[in-house]
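**Q** Let me begin by handing over the structure; questions about it come next.
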Amino acid sequence: MTQSRTALVRAAVLGAALLTPVTVSPLAVAAPVSPADPADPAATVRVEGAKNFRDLGGYATVDGRHVRTGVVFRSNKLSSLTDAGRDALAAAGITLDVDLRNMQERRDDPDLLPDGVRYRVADVVSLEHGIGFREFVPITLGRAVLGAAATGSSGGSDGGSAGSSSDDWSALGQAIGYPFMVTFRGADVAFGDLLTAIAGNTEGATVFHCSAGKDRTGWGAAVLLSVLGVPRETVYADFLASNTYLGRDDAVEKSWLDAAFARVDDLYGGIDAYVRDGLGVDGRTVDALRARLLV
């Protein structure tokens, strides 16, 4: 294996590791409040066994429309659902589950779904499509990992930290995990598949998730809401709401999403070009998304 290919493999492994969770016990929290200004906060669907489950509907767009409620939901893993939780998924009309997790996570914690829900994998860190990046990243990744090691950071960004401080994880997530999701070829395919799956599911609602429902799911939600024309400040509010739902004030940080959007701007010039040229989602699919999700 050539030196350059070895560096690319290491970069892919490092990025994948940062998006793989470490099990932690979240703090207890009262019933979550709905983020930003959805149309009907009282109508937020709650699912027993998935505390970061929430409707992406209700948000106002820049042109005065709203994201339709009851069509797309975001969540943490669905492997701990109670019978009541599965009943809630069925009652919400969910017919498609898109899983952003890697093979190990899916094997260790398989989703528990009601009958009739179709299951689709969109693995953000999959190497199935090769080891490719939109920019040369190994040096950046290596420096970030060395910096994290020097400050004692450890753990995984989708499940919380293990013996690290909030500041450690802000630096590590900003430097590696979130830019990785924008630059890695496998992530492009996964997020493109996610948008395409949502647009094509006209027979019911869609839920998509990772493990904690905050990093891979957080970026997927940010991209979807941006495509729909939801203003950036609302996109950030939805992202940061994971802190409330998970009962941790350091579950996500604004700087992490800043880093992802910065890579989008640097590489593509904006979200529309990123979706078209990076994720491979054509205009017809974007139009279908907007027709299905905007009122």
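The values are calculated or read from the model by the stated rules, or taken from the named source; none is laboratory data. What you are looking at is a predicted structure, and each value in this text was computed from that prediction instead of being measured. Ideal geometry is used to build each Cβ from the backbone, glycine not excepted, and the neighbour counts take in all protein chains shown. In case anyone asks, the SASA skips ligands and DNA or RNA and just uses the protein heavy atoms, side chains included. Shrake-Rupley method; radii C 1.70, N 1.55, O 1.52, S 1.80 Å.
**Q** Using θ = phi - 60° and the Karplus relation 6.51 cos²θ - 1.76 cosθ + 1.60, list the HN-Hα couplings for the stretch 92-108 in order, rounded to whole Hz, with x at every Gly or Pro.
**A** 6, x, 6, 10, 9, 10, 10, 9, 8, 7, 7, 4, 4, 4, 5, 6, 6
**Q** Give a residue-ordered list of calculated ³J(HN,Hα) values for the stretch 228-242 (Karplus: 6.51 cos²θ - 1.76 cosθ + 1.60, θ = phi - 60°; whole Hz; x for Gly, Pro).
**A** Per-residue couplings from phi come out as 7, x, 6, x, 4, 5, 6, 4, 5, 4, 5, 4, 6, 5, 4 Hz.
**Q** A further question on this structure: Mind ranking GLU233, GLU135 by accessible surface for me, highest first, 1.4 Å probe?
**A** GLU233, GLU135
**Q** If you put +1 on each Lys and Arg Cβ and -1 on each Asp and Glu Cβ, how big is the dipole of the stretch 194-255 around its Cα centre, in Debye rounded to 20?
**A** 80 debye
**Q** A further question follows. Kindly state, to the nearest 0.05, the FRET efficiency for ASP265 paired with THR82, given R0 = 45 Å and r defined as their beta-carbon distance.
**A** The value I calculate is 0.60.
**Q** Let me ask you something else. Distance from the Cα centre of the stretch 181-215 to that of the stretch 78-116, in angstrom?
**A** That distance is 15 Å.
**Q** At 1.4 Å probe size, with every protein chain present, just tell me what the per residue accessible area of the stretch 171-295 comes to in Å².
**A** Result: 29 Å² of accessible area for each residue.
**Q** When N counts the residues of the stretch 71-117, how does its alpha-carbon radius of gyration compare numerically with 2.2 N^0.38 Å, as a ratio?
**A** My calculation over the Cα atoms of the stretch 71-117 gives 1.12.
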